[in-house]
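Presented below is the structure to which this report refers.
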Amino acid sequence: MFAAPTLFQELGEADNYCRYVQGWVSYVHRNIFQNQNSQIWQDIAWFFTQTANFIPLYFNSENLKQVYTKRAEIIEFAKQTENSRRSSD
């Protein structure tokens, strides 16, 4: 789920991928913020921050503000929880 396609060959594939990523990011975002104290969701947030590739989203005409806002919130959460872990060690 974290792997991005390397190229789009058919007309409409970039738009389909964009809709897929928007739904996927919404799912991950919702679960992270509904389960902020969950070690699993904290780990998922950190993994997302390290591996999610959003470059393929640029190949469509959709408004990407919402997906990038959620991405930024996930990254911020991951950094905060990682800093909390380090300071408690």
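Observations on the structure shown:
- Failed condition for Gly12, given (1) at pLDDT 95 or above; (2) open to solvent by less than 70 Å² (accessible area, probe 1.4 Å): (1)
- Checking each residue in segment 29-45 for being of a type outside the set (A, V, I, L, M) and either over 10 Å from the mean Cα position of the chain (by Cα) or not in a helix (DSSP H, G or I) (or both) picks out Arg30, Asn31, Phe33, Gln34, Asn35, Gln36, Asn37, Ser38, Gln39, Trp41, Gln42, Asp43.
- In segment 59-89, residue farthest from Gln39 (Cα to Cα) [restricted to those that are in a loop (DSSP other than H, G, I, E, B) and open to solvent by less than 90 Å² (accessible area, probe 1.4 Å)]: Asn60
- Restricting the first member to segment 8-29 and to residues that are under 17 Å from Ser61 (Cα atoms), and the second to residues that are assigned to a helix (DSSP H, G or I) and among the basic types (Lys, Arg), the beta-carbon pairs closer than 9 Å and six or more apart or on different chains are Gln22/Lys70.
- Residue, most open to solvent (accessible area, probe 1.4 Å), within segment 31-56, restricted to residues that are closer than 17 Å to Ser84 by Cβ and β-branched (Val, Ile, Thr): Ile40
The values are calculated or read from the model by the stated rules, or taken from the named source; none is laboratory data. Keep in mind that this is a model prediction, so the values were computed, not measured. Cβ atoms come from the backbone with ideal geometry, glycine included; neighbour counts cover every protein chain shown. Surface accessibility is based on the protein's heavy atoms, side chains included, excluding ligands, DNA and RNA. Shrake-Rupley method; radii C 1.70, N 1.55, O 1.52, S 1.80 Å.
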